[in-house]
Amino acid sequence: MDLLMGFLFIVIIASAIAAVELKDLLAAALALGACGFFIGVVFFLMMAPDLAIVQFVVETLTLFVLVIAITRTHRRSARSEPVRIRAVLGVIVICIFLLFSFFVIPLMTEFGSPDQRVSQHYIDRGIEETGSENLVTSVLLDYRAYDTLGEIIVLFVSVLAVSLILREKPKGGG
Amino acid sequence: MSEMSKIVRSISNLLLPFILIYGFYIILHGHLTPGGGFQGGAVVASGLVMVLVAYGSERFASWVKEKHLSVLESIGALGFISLAFLGLSTAFFYNFLAGKGGLFGDIPPEGSNPGALNTAGTLPLMNLAVGLKVIAGLASIVLVMGLASHYFKQGGENDT
């Protein structure tokens, strides 16, 4: 387990360095995606499947956006495979995915019976320890307040990004 | 965004106080009933956005400045983090007010949701901070987007 973890960390660090150092934009984006996916695998091995799923979804979306942006702005695809080859490739990828999930899904813990038994503690002692009738709030703002801190930072960064991009009046207009 | 008709504006004037009261109710009762800072903040911000859509972003920006919204947002974030730091004698995010008497310090009575507002220690204050932050954040995002679309439209008209 530790050996696997160490190997994963080395791969993550290597792909992060590659993402920064590579001159080719598309390859850099792919290296960034590999970095994120391996972080997701680390989350999964650390018994946090919810975080791993979020990481995979976010990583896939950002990779899509990056690749679309790069192909729209920098590269003209000179050759594109005929439809039949693309269809065969797609079928192969879907088959690999289904085979993989056929072996992996039985290994995952059953839905509704998590490995960690910490939730029973919240139900038993939540009112006593936080004084809050609403257990969801006591988890959100007391036991797992770091999560809320992260959400607040996400909101802050999104406001910052929107303001930075859109607040300036365009030159020549208005 | 330009102004909408007088009917829309009057109805939004009528509805605004109810939406604001409902949103602040959800924020303040976050430790008793379903909801909390994020949900109530989204309700209040949607009320503000309704006014923005009804009156147009230009007039809305003359009443609510973006600077005020960002001050409100900073107060929310700083309040949340400083509440977390105040419990640092035990742990970061330690609930130091719960069950001590005083502000929000009562121990809730037994039974299903008796609605004792003065409980739960730092949680109501954190809800309030998160609510302020969500209100100001969402409102300022929509305000900036509305103003930007206005300017871009104007710029496009000038070009042609």
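The values are calculated or read from the model by the stated rules, or taken from the named source; none is laboratory data. Since the model is a prediction, treat every value here as computed from it, not as a measurement. Glycine gets a Cβ as well: all are built from the backbone with ideal geometry, and neighbour counts include every protein chain shown. We work out accessible area using only protein heavy atoms, side chains counted, and drop any ligands, DNA or RNA first. Shrake-Rupley method; radii C 1.70, N 1.55, O 1.52, S 1.80 Å.
Once fully extended, how much extra length lies between A:L89 and A:T71, figured as 0.36 nm per residue of separation less the alpha-carbon to alpha-carbon distance?
4.4 nm
Gap in Å between the Cα centre of region B:25-85 and the Cα centre of region B:1-17?
20
Report the accessible area of A:L3, computed with a 1.4 Å probe over the heavy atoms of all protein chains in place, in Å² rounded to the nearest 10.
In the full protein context, A:L3 sits at about 150 Å².
At a probe size of 1.4 Å, how large is the accessible area of B:V142, to the nearest 10 Å²?
Accessible surface of B:V142 is approximately 40 Å².
Show B:M50, A:M108, A:M46 ordered by accessible area, largest first, where the area counts protein heavy atoms only and the probe is 1.4 Å.
Ranking B:M50, A:M108, A:M46 by accessible area, largest first, yields A:M46, A:M108, B:M50.
Using Cα pairs under 8 angstrom and six or more residues apart, how large is the relative contact order of region B:6-151, in percent?
Computed value for region B:6-151: 31 percent relative contact order.
Across every pair of different alpha-carbon atoms, what Kirkwood hydrodynamic radius in Å does region B:7-80 reach?
13.3
In whole Å, what are the extents of region B:6-151 along the principal axes defined by its C-alpha atoms, from largest to smallest?
Taking max minus min along each principal axis of the Cα atoms, region B:6-151 gives 52, 32, 19 Å.
For A:I13 and A:V104 in the same chain, what is the full-extension length gain: residue separation times 0.36 nm, less their Cα-Cα distance, in nm?
Going from the current span to full extension adds 30.2 nm.
Ordering A:E133, B:E58 by how much accessible area each has at a 1.4 Å probe, largest first, what is the list?
Output order, biggest surface exposure first: B:E58, A:E133.
All other residues with a Cβ under 14 Å from the Cβ of A:I153 taken together, and with Lys, Arg as +1 and Asp, Glu as -1, what is their net charge?
Here the count lands on -2.
Could you state how much accessible area B:S149 has, in square angstrom rounded to the nearest 10, with a 1.4 Å probe and all protein chains kept in place?
Using a 1.4 Å probe on the heavy atoms, I get roughly 50 Å².
Would you kindly compute the Cα radius of gyration of chain A and its largest Cα-Cα separation (Dmax), both in Å?
22.1, 67
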